[in-house]
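Written out below as structure tokens is the structure these notes cover.
The values are calculated or read from the model by the stated rules, or taken from the named source; none is laboratory data. All values reported here derive from a predicted model rather than from experimental measurement. Neighbour counts are summed over all protein chains in view; Cβ atoms, including those assigned to glycine, are modelled from backbone coordinates with ideal geometry. What goes into the accessible areas is simple: the full protein's heavy atoms, side chains included, and nothing from ligands, DNA or RNA. Shrake-Rupley method; radii C 1.70, N 1.55, O 1.52, S 1.80 Å.
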Amino acid sequence: MEAEPPLYPVAGAAGPQGDEDRLGVPDGPEAPLDELVGAYPNYNEEEEERRYYRRKRLGVLKNVLAASAGGALTYGVYLGLLQMQLILHYDETYREVKYGNMGLPDIDSKMLMGINVTPIAALLYTPVLIRFFGTKWMMFLAVGIYALFVSTNYWERYYTLVPSAVALGMAIVPLWASMGNYITRMAQKYYEYSHYKERDEQGPQQRPPRGSHAPYLLVFQAIFYSFFHLSFACAQLPMIYFLNHYLYDLNHTLYNVQSCGTNSQGILSGFNKTVLRTLPRSRNLIVVESVLMAVAFLAMLLVLGLCGAAYRPTEEIDLRSVGWGNIFQLPFKHVRDFRLRHLVPFFIYSGFEVLFACTGLALGYGVCSVGLERLAYLLVAYSLGASASSVLGLMGLWLPRTVPLLAGAGLHLLLTLALFFWAPAPRVLQHIWILYVAAALWGVGSALNKTGLSTLLGILYEDKERQDFIFTIYHWWQAVAIFTVYLGSSLPMKAKLSVLLVTLVAAAASYLWMEQKLRRGVVPRQPRIPRPQHKVRGYRYLEEDNSDESDAEGEHGGGGRGDGAEEEAPPAGTRPGPEPAGAGRRPCPYEQALGGDGPEEQ
């Protein structure tokens, strides 16, 4: 019986053609090494590099879209749940039938206090949390806290609603500060991946030209705020498809309302205490809250699974290693910068105008005159106007950067003056189109304000070591403005409009003054970011030139160690090397390579 030939030829064995294969190349030990491990003959290095950086750019776009969608879903769920909850708890019949003498109004007031008061302390802990967890993980944890707030509404009690509201208040500034920082970093990374050839020519340590990432930042901020402003429309879906079916019409809810608009006092003075025709079944409420909980969980998954890291691992280590005391102090030290001081009125106005759109315009002018059942449609008009107009922030690609901010401020100035002299009559629907137009135009101004401010901060502060501090300061001042609106909710509408008008004029004047200083060449005084002081002992940080050396150490000529060790300088003529390992410590691989004296070598 004839033996079958082997399935694969044996390496080195002589075949029918001797020691050569069909191509004439020797097989076995005589085979040339290049034929075995050499480069692929059709390999095109430039083409592969181009494809690699194209994938990197697509990854950055995926990060921006995922972060924008996650932020919009999170904020939409939060606003929608809070709005539905406050309307249900406002109704007297609902409170007495469902909760008896549990004191639901007191719980709601403490819950709102937790949401609005807690962010005042955010300046103390936000930079520390962002540096400790990292930008992406801070976003994920903050979105998780928003989801926690949604979950507590399954069981509405003091010990569930109030603590979750306080936790939510603590997460507001870290979430939006890390979001702003994340979008800015993505624009810088997109520039790096688009101009990788220039970066290779300049060297990896060379900083890109100032303002080079600005076009990408304008586009990414427009995308982010288009999604963000859509959250106001998403928040109205529970109202439109669920709660509106249970509401009384305007003839019942506005029966005792005497004045609206600029003549109104507080929030909906004279509004009827019963707004629900029939009480929603508990099963239906659980279904709605479950849908909101699922959307919040989806936002968490978007941030966790689709958002990449904002920094490289070594950059994250460097950002943490400046010292926690310095991280705590640096937001306060940035007050020295005149640019931030001049932008503070705009930060405050940015918080005022959003709250005025949701409370003053929507409630004082809208609900007060056309009824609670049309509140959702007014906010949808505001949302769609703001989302569509976020694209107008791209005007900065062709026009001076002052144009978007001042255009939004001018539009809000005209609307505020018009609202100052307008008092719509209660229970009259003829002027409802004016309300929709005013809400949409206010959204246009809000979009120009938000995109302009965030883009301006990303252009003025390009250093990645400062961006989290800058966005923390921005969103902290917004939180202070929202807290001020919360305190002054009982003021007359004329007083609210006056404060809004004065803040807007002061913000525009202060911003123009800042731009004039920059044109004159006034150099801003920025606090120095300390060099990283690494405590890790490993070859990554034991280089011949001590990159962790601070300026003071370099001036004193010690060439000293960043952690202030007490070791004497090596004698002249000796080769610099790592410090000897102690008797109780195993030397690291770098020390072993240089002949370090570990316990095994003694």
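Residues that are open to solvent by less than 10 Å² (accessible area, probe 1.4 Å) and among the hydroxyl-bearing types (S, T, Y) were ranked within segment 460-489; the one that is farthest from the chain's Cα centre (by Cα) is Y461.
Report whether or not R54 is under 37 Å from the mean Cα position of the chain (by Cα), modelled with pLDDT of 90 or more and open to solvent by 70 Å² or more (accessible area, probe 1.4 Å). Answer is yes for this residue. Residue count for segment 84-117 under the criterion of being more than 23 Å from the chain's Cα centre (by Cα), open to solvent by 10 Å² or more (accessible area, probe 1.4 Å) and under 25 Å from V480 (Cβ atoms): the result is 5. Among the residues of segment 332-357, those that are open to solvent by less than 10 Å² (accessible area, probe 1.4 Å), in a helix (DSSP H, G or I) and not hydroxyl-bearing (S, T, Y) comprise H334, L340, L343, F346, F347, G351, E353, A357.
Only one entry of G371, G360 meets the criterion of being at positive phi, open to solvent by less than 10 Å² (accessible area, probe 1.4 Å) and among the small types (G, A, S), and that entry is G371. The residues of segment 139-155 that are open to solvent by less than 10 Å² (accessible area, probe 1.4 Å) and not aromatic (F, W, Y), listed by number, are M139, A142, V143, A147, V150, N153. Just one of (1) of a type in the set (G, A, S); (2) in a loop (DSSP other than H, G, I, E, B); (3) within 36 Å of the chain's Cα centre (by Cα) fails for G325. It is (2). Selection of first residues in segment 216-238 that are at positive phi and crowded, with 21+ Cβ neighbours inside 10 Å and of second residues that are modelled with pLDDT under 95 and not in a helix (DSSP H, G or I), restricted to Cβ pairs under 6 Å at least 6 apart or on distinct chains, gives an empty result. Checked against the criteria, A439 counts as assigned to a helix (DSSP H, G or I), in contact with a helix residue (DSSP H, G or I) (Cβ under 9 Å, 6 or more places away or on another chain) and of a type in the set (G, A, S).
Considering S231, S290, S212, the condition of being more than 27 Å from F356 (Cα to Cα), in a helix (DSSP H, G or I) and of a type outside the set (D, E) is satisfied by S290 alone. Would you say R341 is farther than 17 Å from Y511 by Cβ and charged (D, E, K, R)? Taking the combined requirement at face value, the residue does not satisfy it.
Residue-by-condition table, conditions (1) without any contact (Cβ under 8 Å) to a residue 12 or more places away in the chain; (2) hydrophobic (A, V, I, L, M, F, W, C); (3) farther than 30 Å from V219 by Cβ; (4) out of contact with any helix residue (DSSP H, G or I) (no Cβ under 9 Å at 6 or more places or on another chain):
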{"site": "A69", "(1), (2), (3), (4)": "no, yes, no, no"}
{"site": "A72", "(1), (2), (3), (4)": "no, yes, no, no"}
{"site": "G76", "(1), (2), (3), (4)": "no, no, no, no"}
{"site": "G80", "(1), (2), (3), (4)": "no, no, no, no"}
{"site": "K98", "(1), (2), (3), (4)": "no, no, yes, no"}
{"site": "D108", "(1), (2), (3), (4)": "no, no, yes, no"}
{"site": "A122", "(1), (2), (3), (4)": "no, yes, no, no"}
{"site": "L129", "(1), (2), (3), (4)": "no, yes, no, no"}
{"site": "A147", "(1), (2), (3), (4)": "no, yes, no, no"}
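Of the residues making up segment 505-515, none is over 17 Å from H342 (Cα atoms) and touching a residue at least 24 places away in the same chain (Cβ under 8 Å).
Yes/no per residue for (1) surrounded by fewer than 21 Cβ atoms within 10 Å (Cβ to Cβ); (2) among the acidic types (D, E); (3) touching a residue at least 40 places away in the same chain (Cβ under 8 Å); (4) part of a helix (DSSP H, G or I):
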{"site": "G366", "(1), (2), (3), (4)": "no, no, yes, yes"}
{"site": "L392", "(1), (2), (3), (4)": "yes, no, yes, yes"}
{"site": "G408", "(1), (2), (3), (4)": "no, no, yes, yes"}
{"site": "I434", "(1), (2), (3), (4)": "yes, no, no, yes"}
{"site": "K450", "(1), (2), (3), (4)": "no, no, yes, yes"}
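I want to confirm something. Restricting to segment 286-304 and keeping residues that are within 17 Å of L175 (Cα to Cα) and in contact (Cβ under 8 Å) with a residue 40 or more places away in the chain, which single residue is nearest to the chain's Cα centre (by Cα)?
V303
Of the set (1) of a type in the set (S, T, N, Q); (2) over 30 Å from Q85 (Cα atoms); (3) surrounded by 17 or more Cβ atoms within 10 Å (Cβ to Cβ), all apply to Q329 but (3).
Check whether at least one residue in segment 189-201 is surrounded by fewer than 23 Cβ atoms within 10 Å (Cβ to Cβ), at pLDDT below 95 and within 22 Å of P331 (Cβ to Cβ), and report yes or no. Checked segment 189-201: no residue is surrounded by fewer than 23 Cβ atoms within 10 Å (Cβ to Cβ), at pLDDT below 95 and within 22 Å of P331 (Cβ to Cβ).
Entry remark, segment 513-534: residues being open to solvent by 80 Å² or more (accessible area, probe 1.4 Å) and among the aliphatic types (A, V, I, L, M) number 1 in total. Scanning segment 239-273 for residues that are more than 14 Å from A425 (Cα to Cα), in contact (Cβ under 8 Å) with a residue 60 or more places away in the chain and assigned to a helix (DSSP H, G or I) yields a count of 5.
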